[in-house]
Amino acid sequence: MTFRKAVFSACLLLLAVTTVSAETLKIGLNYPQTGRYKDQGLQQRLGTFLAVDEINQAGGVMGRQLELVIRNTRGEPAQGAKNTAEMIDREGAEMVFGGVSSAVAIASGKAARDRDRLYFGTLTYSNATTGSEGHGHMFREPYNAWMTAKALSQYLKRNHAGEKYFYITADYTWGWSVEESVRKFSETENATHHPGVKTPFPRALINDFREALEKAAASDAKVLMLVLFGDDMVRALNVAYEMGLTDKVQIVVPNLTLGMARQVGPTIMEGIVGGAPWVWNAPYEKNYPRGKEFVEAFSSRYEMRPSSAAASAYSIVYQYKEAVERAGTTNTSSVRAALEGHRYTFLKDEQQWREFDHQNEQTVYVVKVKPRNTVVADQYSSDYFNIIDSMPGNEATQTRAEWEDRRAQAGKPLTL
């Protein structure tokens, strides 16, 4: 072989090695950049960026750098499904995650299933996501409505036993799921004694919330259950404050996030009770080292505290990475098998991806918003949540028998 040919061959080999080593592992983030849930979407994006950068700086996943593909769901199920299809078919995403609306997550998950890809729900609380609409390609990282309601009701029955409730509920799958579950566990299923109204979704107007709150005020209820999320909860709570309701009733927001609290502000939020899968102060209070590392990295990078939305997205990226490494491949069925039944400790105490429904079993927190002076004393004016109660994941989740009963009622198979 001549010197020139040898150099040429070496160059070709170098090019081949470079090409292989430069091949990225694409994952798709499907989240609302606009619409009622855009703040929760932004938090997902920030948490994802942090996880991707950390993983890539540490060498990637099995030697491959993560490449993030993003799409805007606009909070619309059809758009979420379309995005998922595009990210897989056109961009080559090996996994897709995201969603704030449960309807969006469910539609997106089905699009992923049809293409033999996993979908991780980031903020989807409807029981249906891993229940009646669950399938083998959907994994849910946060808790569901059943878990929230069970933990919240434990607290409410101790502190508001015998009191009248009023429900204001977003009229879609998440809202129905949460109201049904809270009524069940708080023993307020009698809608005559514990009345409620539904508000339009996704295009409720201020007048819709005002009319609903006027009915709540006229009902003489002592517990006002605001089954609203994102901008809807923010607007409704501002109206409730203007009406003086925040001083007259105990307001409960079943799914409460830091982003929502920041949007409303500490003056109005004080004393509000809610449920949360994770809050940024928990790692410090309960000594979870990896959780503290995440909070400090996120706070330093973005000059704000992370919400549960950011923590969920961040966790999903790491969980996918570790599942791929355990499986030794990105093959969907192999990664699924590596996830099912897997127990791990990451940002909080032990969690588990349940094998039979792919629900993430984890501790549920009940929180109450602190006084304004405590909130603003934090470096980032975000010390909102006092953890007032909690429930272990194995107590909060549905049993397999309860899950199978719901599946049977929906006419679905008893296995994924």
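Coordinate-derived values only; no laboratory data. No experiment lies behind these values; they were computed from the predicted model shown. Here the Cβ is made from the backbone with ideal geometry for all residues, glycine too, and neighbour counts use every protein chain on show.
Entry note, the chain: the mean residue ellipticity at 222 nm calculated from DSSP H runs of n ≥ 4, each adding -39500 (n - 2.57), is -14500 deg cm²/dmol after division by the residues and rounding to the nearest 500.
What relative contact order, as a whole-number percentage, does the chain give when Cα pairs under 8 Å and 6 or more residues apart are counted?
RCO, the chain: 16 percent.
Computed log10 I(q)/I(0) for the chain at 0.09, 0.14 Å⁻¹: -0.53, -1.26, from the Debye equation with unit scatterers placed on every C-alpha and solvent omitted. For the pair residue 287 and residue 203, a Förster radius of 51 Å applied to the C-beta separation gives a FRET efficiency near 0.70, rounded to the nearest 0.05.
Packing, taken as the mean count of other beta carbons within 10 Å per residue, orders the peptides 225-236, 306-317 from highest to lowest as 306-317, 225-236.
Straightening the chain between residue 161 and residue 343 buys 61.9 nm, computed as 0.36 nm per residue apart minus the Cα-Cα spacing.
When peptides 400-412, 50-62 are sorted by average Cβ neighbour count within 10 Å, with the highest value leading, the order is 50-62, 400-412. Computed on the stretch 93-211, with alpha-carbon pairs under 8 angstrom and 6+ residues apart, the relative contact order is 22 percent. Counted over the chain, the DSSP beta bridges are approximately 30% antiparallel.
Given a cut-off of under 8 Å on Cα pairs at least six residues apart, what relative contact order in percent is computed for the stretch 247-400?
The normalised contact order for the stretch 247-400 reaches 26 percent.
Let me make sure I get this right: for the stretch 297-416, a, b and c are the square roots of the gyration tensor eigenvalues over alpha carbons, sorted descending. Under 1.5 in a/c it's rounded, otherwise prolate if a/b > b/c, else oblate. Which is it? Since a/c reaches 1.5 but b/c is at least a/b, the shape of the stretch 297-416 is classed as oblate.
Here the spin labels are modelled as points 7 Å beyond Cα on the Cα-Cβ line, and at residue 58 and residue 116 they lie 3.0 nm apart. Pull out a ≥ b ≥ c, the square roots of the eigenvalues of the alpha-carbon gyration tensor of the stretch 101-186, then state rounded if a/c is under 1.5, prolate if not and a/b is larger than b/c, and oblate in the remaining case. Prolate shape, in that a/c is at least 1.5 and a/b is the bigger ratio. Report D for the stretch 273-354 in µm² per second (integer): Stokes-Einstein, Kirkwood Rh on Cα pairs, 4 °C, 1.567 mPa s. For these conditions, the coefficient is 94 µm²/s. Axis angle, to the nearest 10 degrees, between helix 102-113 and the longest C-alpha principal axis of the chain: 30 degrees.
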